[in-house]
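Novice: One structure is given below, represented as structure tokens, and several questions about it will come after.
The values are calculated or read from the model by the stated rules, or taken from the named source; none is laboratory data. These numbers were taken from a predicted model, which means no experiment stands behind them. Cβ sites come from the backbone with ideal geometry, for glycine too, and all protein chains shown count toward neighbours.
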Amino acid sequence: IPWGAIDPIPADGATEVGLGVQALSWDAAHPHGATIASYEVYFGEDPNILTMPLLGTTTETTIDSPELVHNKTYYWRVKALVSDSNYVDGVVWSFASEDWGPEITQQPQDTFLAPACTTELTIAAQNKNPEQGGEITYTWYRVAEGDDEQLGTGTSLVTGQVGSYYCVVANDEGSVTSDTVKVTVGLHLVVSQDVGTPQPGDAYYDEDADQLVVTGNGDDIWNAADSFHYVYKQISGDFDLRARVRSMSGGTNDWRKFGVMARQNLTAGSIHSFMCGTATQGMAIQGRRSADSGDNLNVNGNVPPFNTNAWNDTTPYGSSQFWVRLTRVGNVMTGYVSNNGTDWVQYGAVEERSFVDPIYVGLAVTSHNTGELTTARFSDITLNGEDMMALSWDVANVSVNVDPTTGWVSYDDDVVISWEYGDYTPCDADFNVYVTMDMDAPGDPIIVPDGEPMSVTLADAEYDFDHDQTWYYRIDVDSPAGQGTRMGQWMSFDTVKWVPTIIVQPAVQNVVDVPTDVTLVCQVETVADDFADPTSYVWKRVVGEKDGADDGDDDIIFTGTPTFLEADGKRKWDCSVTLTIAGVGDEGNYYCVVENESGTDVSNNALILIKRLVLHYGFESIVGNAVLDSSPSGYDGTLTSVAAGGSPVTGGVVDGMIGKAIKLIGAEDPNTAFIDVGVKPFDLGIQGNNARSVSAWVKVRNPNGGGIFDMGAYVTGQNCSVRTLTLEATGNIDSTRWRIQHWGGADRDFTYVPSFDAWVHFVYTFDGATCKLYANGEKILDSGLTLNTNNDNNVRVGVWQSTVFNGLIDELRMYNYALSPLEVGQLYIEGVGGSICVEDPAFDVTGDCKVDLEDFAIFAASWAESTLVSP
């Protein structure tokens, strides 16, 4: 068992130990059955145990040091003796005395520069002992082959030269060297970081090779693991991200990964989608469906022409002929691969990710082994068709001398456009300013050379500005150092508007009970001049194509004189109208046209619909590919193949529950067809959170996931469908399961028996807050659900997404309000006759679906009976 001197004070490795004589002490660990009799203490500035001088001998566990001076490292050991022949030499300990040298309080930072620009590297330091050390000096160096290049002195250094820099900070008592930082000048901006807790990775743009180089560590991107290096850009909305994988090197794991990724955030565990290559497992589409979970997607292997799993230089997969691509439409993610960057093959199935904008997209590399680094090179990196890594040369703080009250430019004055350098505008830039009223014909630019004031003056005498004009301008940047010109964004300014401007539009839609009065609001604004006051307004209803301000076929509903509201810099006027809506004949798109001496402005359309049956397909016959609508809407549907350009195929019209029904055949033919209603949910008054009902008789032949109807987008809460669930998800075909599909957490699954190969009357209702589902007249589901049906796609019947219903559909009806239980029951009885109890009334003691004297008699017979026992 080890024995001797232990636990020294000052502790081994201690720093900033005081000066002068200090007490050195230790604890004693005695050998078994014996006691340490004395100690020999050796002390000096040399750690060599053989040459370290003896400080003294003691029987205590402490001894005074010699005089300690600053900026020294001291070494000492304690030899413990039981007797002259029984001892241990002890280990060598060390400590450092007070350091009077300088310490850096602010390190220089890595800097990226636009072409021809300079940066200022700065540093700050102080003496560790404010009263000692003397004056601090700073000497800057640039790393070079051989001896580093000394550049200057002081707390800052201005440079525009690419390289690695550091600063030596010194005083009379010592020196310290700063971090080494990089100054990078380029045409591509790389923003990257490690995600998770890998060893540090790195990324840079190789301008000579025109390639992005990404080096990553990390244990994996799979299950709960999320550790890699990521080059990213923050965006919102749909995207199309593409990259060519040039090479992969480093590491040994078969599942090293490198490719394009989209993720919600930069924290480990984020939901994501990842289209990548691997070292030996082929390409893969992967992703995490829910945050901080192992709920993952993985499809990996081969698709032609990538006919090998291993990354090597003899096949398209691994020979710089491998492109990866990831797209987002709504929240639907799709991965692709290509061997030429033009012809793309979808890889794996599409999957939804519940992304909330903004998100992060970019390129990810993991070594799948925390002890190794893997490097991948990428080129041809585009985001929505543009170079994702390109440095933006855009100018900043662009301004025009507009009136701050109106936001307009006076047409009697000169116009001044000014700007400043953006974050990465080249510092040798010449600016080419285009000014035009027609962006397709910009004409010759006004050239503002490097060094000139960054502004242009557009003389009224030359441009002949007039009221109610919109002028467009663009500032292009030309840089000799950047070896090119970058086109700016088109911007615009307006001259004083004499024509009225509509500032409050009528509500785009009103779904109303009849009879009722509907007020359509329209308010306008004019410049504060009597000449610009509006003279009249007229409300029209669209007939065919909208006429707008022109004379045409539209119905003139009302003509009036605007009512003055207030003056606040500009004048505001009311041009609203109240209409009496009595029936279907009053439905339509209404709009307002406001006029003054200078011109007109036209409002958006305001659709008025009454609450009614808005679609009815009885399927008694099909004329060509047309499915006739017998509702007042007249929205005849069109049989449409799921295959683009295909000739639609169905099972035709067959005997149904009431007359005839349509037979849809699901996936039995590549051109299997559904019914495209040809209008959006908005046109029926059932978009967003609006109330609605859908009624249909259905007979399932194959529960393949197809829908009775489908509308909206495939994003959480924005879809609206009732569909079957596939056999793989349900098991027993005799207990076919169904889903109310609002998408995401807004879905509800249910079972109704029998619904396979049996006619069932389903009615779906939504009242703006609660969804109900009736089967054969009885309510089987009642749930509060969110719904915001997207208006991008047409309403469709007999399909969900691209999966066509397999079975019979009869008497499909849609309403723009929620049917009552009584109305639901009446629709069911229409098909089967007899009677039905839709909902059990409260206090129906006899169970005959009504509360009457018989129920009251039973209740009264037990009146005042009690079995209450009390003290």
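Novice: Are there any pairs, at least 6 apart or on different chains, whose C-beta atoms fall under 9 Å, with the first in the stretch 743-767 and free of Cβ contacts under 8 Å to residues at least 12 places away in the same chain and the second among the charged types (D, E, K, R), and if so, which?
Specialist: Final answer for the pair search is ASP747/ARG739.
Novice: Given the conditions (1) under 27 Å from LYS233 (Cβ atoms); (2) of a type in the set (Phe, Trp, Tyr); (3) not assigned by TED's automatic domain parsing to the domain that holds PHE239, which single one is not true for TYR411?
Specialist: Against the list (1) under 27 Å from LYS233 (Cβ atoms); (2) of a type in the set (Phe, Trp, Tyr); (3) not assigned by TED's automatic domain parsing to the domain that holds PHE239, TYR411 comes up short only on (1).
Novice: Another one. Scan ASP553, ASP547, ASP517 and give me the residue that is touching a Ser or Thr at 6+ places or on another chain (Cβ under 8 Å), modelled with pLDDT of 95 or more, charged (D, E, K, R) and over 30 Å from SER410 (Cα atoms).
Specialist: ASP517
Novice: Scan THR457, THR425, THR406 and give me the residue that is under 29 Å from LYS572 (Cβ atoms) and not assigned by TED's automatic domain parsing to the domain that holds ASP568.
Specialist: Exactly one residue qualifies, and that residue is THR406.
Novice: Hey, any hits in the stretch 671-685 for a residue that's in contact with a helix residue (DSSP H, G or I) (Cβ under 7 Å, 6 or more places away or on another chain) and in contact (Cβ under 8 Å) with a residue 40 or more places away in the chain?
Specialist: No, the stretch 671-685 contains no residue that is in contact with a helix residue (DSSP H, G or I) (Cβ under 7 Å, 6 or more places away or on another chain) and in contact (Cβ under 8 Å) with a residue 40 or more places away in the chain.
Novice: Right, here's the next one. Take THR137 and decide whether it is of a type outside the set (Lys, Arg), surrounded by 14 or more Cβ atoms within 10 Å (Cβ to Cβ) and not assigned by TED's automatic domain parsing to the domain that holds TYR205.
Specialist: In short, yes.
Novice: To continue, here is another question. For the stretch 520-568, how many residues are β-branched (Val, Ile, Thr), more than 30 Å from VAL584 (Cβ to Cβ) and in a strand (DSSP E or B)?
Specialist: 4
Novice: Still on this structure: Those residues that are surrounded by 17 or more Cβ atoms within 10 Å (Cβ to Cβ), under 39 Å from the mean Cα position of the chain (by Cα) and of a type in the set (S, T, N, Q), I need them from the stretch 594-604; list them, please.
Specialist: Listed by number, the list holds a single entry, SER603.
Condition check ((1) free of Cβ contacts under 8 Å to residues at least 12 places away in the same chain; (2) of a type outside the set (Val, Ile, Thr); (3) assigned to a strand (DSSP E or B)) across all residues:
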| position | (1), (2), (3) |
| --- | --- |
| PRO2 | no, yes, no |
| SER25 | no, yes, yes |
| PRO31 | no, yes, no |
| ASN48 | yes, yes, no |
| THR57 | no, no, yes |
| ASN71 | no, yes, no |
| TRP76 | no, yes, yes |
| LYS79 | no, yes, yes |
| VAL82 | no, no, yes |
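Novice: Within the stretch 621-649, how many residues turn out to be at pLDDT below 95 and under 19 Å from ASN702 (Cα atoms)?
Specialist: Qualifying residue count for the region: 1.
Novice: Now for a different question. For the stretch 382-401, give me each residue that is under 13 Å from PRO115 (Cα atoms) and either in a strand (DSSP E or B) or among the basic types (Lys, Arg) (or both).
Specialist: Within the stretch 382-401, just ALA390 meets the criteria.
Novice: Considering only residues that are buried (at least 17 other Cβ atoms within 10 Å of the Cβ) and assigned to a strand (DSSP E or B), which ones fall in the stretch 575-593? Please lay out each step first, then the result.
Specialist: Start the filter on the stretch 575-593 by keeping residues that are buried (at least 17 other Cβ atoms within 10 Å of the Cβ), which leaves 575-577, 579, 581, 586-593.
Within the stretch 575-593, VAL577, LEU579, ILE581, GLY588, ASN589, TYR590, TYR591, CYS592, VAL593 qualify.
Novice: Determine, yes or no, whether PHE431 is assigned to a strand (DSSP E or B) and either surrounded by fewer than 18 Cβ atoms within 10 Å (Cβ to Cβ) or touching a residue at least 60 places away in the same chain (Cβ under 8 Å) (or both).
Specialist: no
Novice: Let me ask something else about it. Give me the pairs: first residue in the stretch 194-217 and over 12 Å from SER367 (Cβ atoms), second residue among the aliphatic types (A, V, I, L, M) and not in a loop (DSSP other than H, G, I, E, B), beta-carbon distance under 6 Å, and six or more apart or on different chains, which are they?
Specialist: That search, which allows pairs on different chains as well, returns ALA203/VAL214; ALA203/VAL231; TYR204/VAL213; TYR205/LEU212; ASP206/VAL213.
Novice: Let me ask something else about it. So ASN369 clears everything in (1) crowded, with 16+ Cβ neighbours inside 10 Å; (2) in contact with a strand residue (DSSP E or B) (Cβ under 8 Å, 6 or more places away or on another chain) except one condition, right? Which one?
Specialist: Only one criterion in (1) crowded, with 16+ Cβ neighbours inside 10 Å; (2) in contact with a strand residue (DSSP E or B) (Cβ under 8 Å, 6 or more places away or on another chain) is unmet by ASN369, namely (2).
Novice: Could you tell me how many of the residues in the stretch 236-261 are more than 14 Å from ILE381 (Cβ to Cβ) and in contact with a strand residue (DSSP E or B) (Cβ under 6 Å, 6 or more places away or on another chain)?
Specialist: In the first step, residues of the stretch 236-261 are kept if they are more than 14 Å from ILE381 (Cβ to Cβ); the result is 236-238, 247-257.
Subset that is in contact with a strand residue (DSSP E or B) (Cβ under 6 Å, 6 or more places away or on another chain): 238, 247-251, 255-257.
Residues in the stretch 236-261 being more than 14 Å from ILE381 (Cβ to Cβ) and in contact with a strand residue (DSSP E or B) (Cβ under 6 Å, 6 or more places away or on another chain): 9 in total.
Novice: Also, quick follow-up: Quick check on my filter: what residues within the stretch 712-734 are at pLDDT 85 or above and either in contact with a Lys or Arg (Cβ under 6 Å, 6 or more places away or on another chain) or closer than 15 Å to SER802 by Cα (or both)?
Specialist: GLY712, ALA713, TYR714, ASN719, CYS720, SER721, VAL722, ARG723, THR724, LEU725
Novice: Additional query: Can you find a residue that is among the charged types (D, E, K, R), surrounded by 14 or more Cβ atoms within 10 Å (Cβ to Cβ), closer than 30 Å to ASN690 by Cβ and at pLDDT below 95 anywhere in the stretch 836-843? Before you say what the answer is, go through the steps one by one.
Specialist: Within the stretch 836-843, the subset among the charged types (D, E, K, R) is 839-840.
Of the ones still in play, those that are also surrounded by 14 or more Cβ atoms within 10 Å (Cβ to Cβ) are 839.
Narrowing the set further to residues that are closer than 30 Å to ASN690 by Cβ leaves 839.
Next, only the ones that are at pLDDT below 95 stay: 839.
The answer is yes; a qualifying residue exists.
Novice: Please verify whether the stretch 690-701 includes one or more residues that are assigned to a helix (DSSP H, G or I), of a type in the set (A, V, I, L, M) and either touching a helix residue (DSSP H, G or I) at 6+ places or on another chain (Cβ under 7 Å) or closer than 29 Å to VAL332 by Cα (or both). So that I can check it myself, show each step before the final result.
Specialist: Taking the stretch 690-701 as the starting set, the residues that turn out to be assigned to a helix (DSSP H, G or I) are none.
Checking the stretch 690-701: not a single residue is assigned to a helix (DSSP H, G or I), of a type in the set (A, V, I, L, M) and either touching a helix residue (DSSP H, G or I) at 6+ places or on another chain (Cβ under 7 Å) or closer than 29 Å to VAL332 by Cα (or both).
Novice: Let me ask another. Going by what's in this entry, would PRO404 be described as under 30 Å from THR119 (Cβ atoms) and either in a loop (DSSP other than H, G, I, E, B) or without any contact (Cβ under 8 Å) to a residue 60 or more places away in the chain (or both)?
Specialist: no
Novice: Among residues belonging to the stretch 810-839 that are among the polar types (S, T, N, Q) and under 41 Å from the mean Cα position of the chain (by Cα), point out the one that is nearest to LEU664 (Cα to Cα).
Specialist: Ranking the qualifying residues of the stretch 810-839, first place goes to ASN816.
Novice: Pairs only if they're at least six apart or on different chains, beta carbon under 9 angstrom, first in the stretch 340-366 and assigned by TED's automatic domain parsing to the domain that holds SER802, second buried (at least 16 other Cβ atoms within 10 Å of the Cβ) and of a type outside the set (Phe, Trp, Tyr); list them, first residue then second.
Specialist: none
Residue-wise test of (1) assigned to a loop (DSSP other than H, G, I, E, B); (2) modelled with pLDDT under 85; (3) at negative phi; (4) crowded, with 17+ Cβ neighbours inside 10 Å.
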residue: CYS276; (1), (2), (3), (4): no, no, yes, yes
residue: GLN286; (1), (2), (3), (4): no, no, yes, yes
residue: SER293; (1), (2), (3), (4): yes, no, yes, no
residue: TRP311; (1), (2), (3), (4): yes, yes, yes, yes
residue: GLY318; (1), (2), (3), (4): yes, yes, no, yes
residue: ARG328; (1), (2), (3), (4): no, no, yes, yes
residue: GLY335; (1), (2), (3), (4): no, no, yes, yes
residue: GLN346; (1), (2), (3), (4): no, no, yes, no
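Novice: Something else about it: Out of (1) modelled with pLDDT under 90; (2) in a loop (DSSP other than H, G, I, E, B), what's the single condition that is false for PRO426?
Specialist: Only one criterion in (1) modelled with pLDDT under 90; (2) in a loop (DSSP other than H, G, I, E, B) is unmet by PRO426, namely (1).
Novice: Has the stretch 650-660 got at least one residue that is over 34 Å from the mean Cα position of the chain (by Cα), at pLDDT below 95, farther than 30 Å from TYR817 by Cβ and surrounded by fewer than 24 Cβ atoms within 10 Å (Cβ to Cβ)? Working first, answer last.
Specialist: Within the stretch 650-660, the subset over 34 Å from the mean Cα position of the chain (by Cα) is 650-660.
Then drop every residue that is not at pLDDT below 95, which leaves none.
Checked against the condition, which is being over 34 Å from the mean Cα position of the chain (by Cα), at pLDDT below 95, farther than 30 Å from TYR817 by Cβ and surrounded by fewer than 24 Cβ atoms within 10 Å (Cβ to Cβ), the stretch 650-660 yields no hits at all.
Novice: Out of all the residues in the stretch 484-491, is one or more more than 30 Å from ILE610 (Cβ to Cβ) and crowded, with 16+ Cβ neighbours inside 10 Å?
Specialist: Scanning the stretch 484-491 turns up at least one residue that is more than 30 Å from ILE610 (Cβ to Cβ) and crowded, with 16+ Cβ neighbours inside 10 Å.
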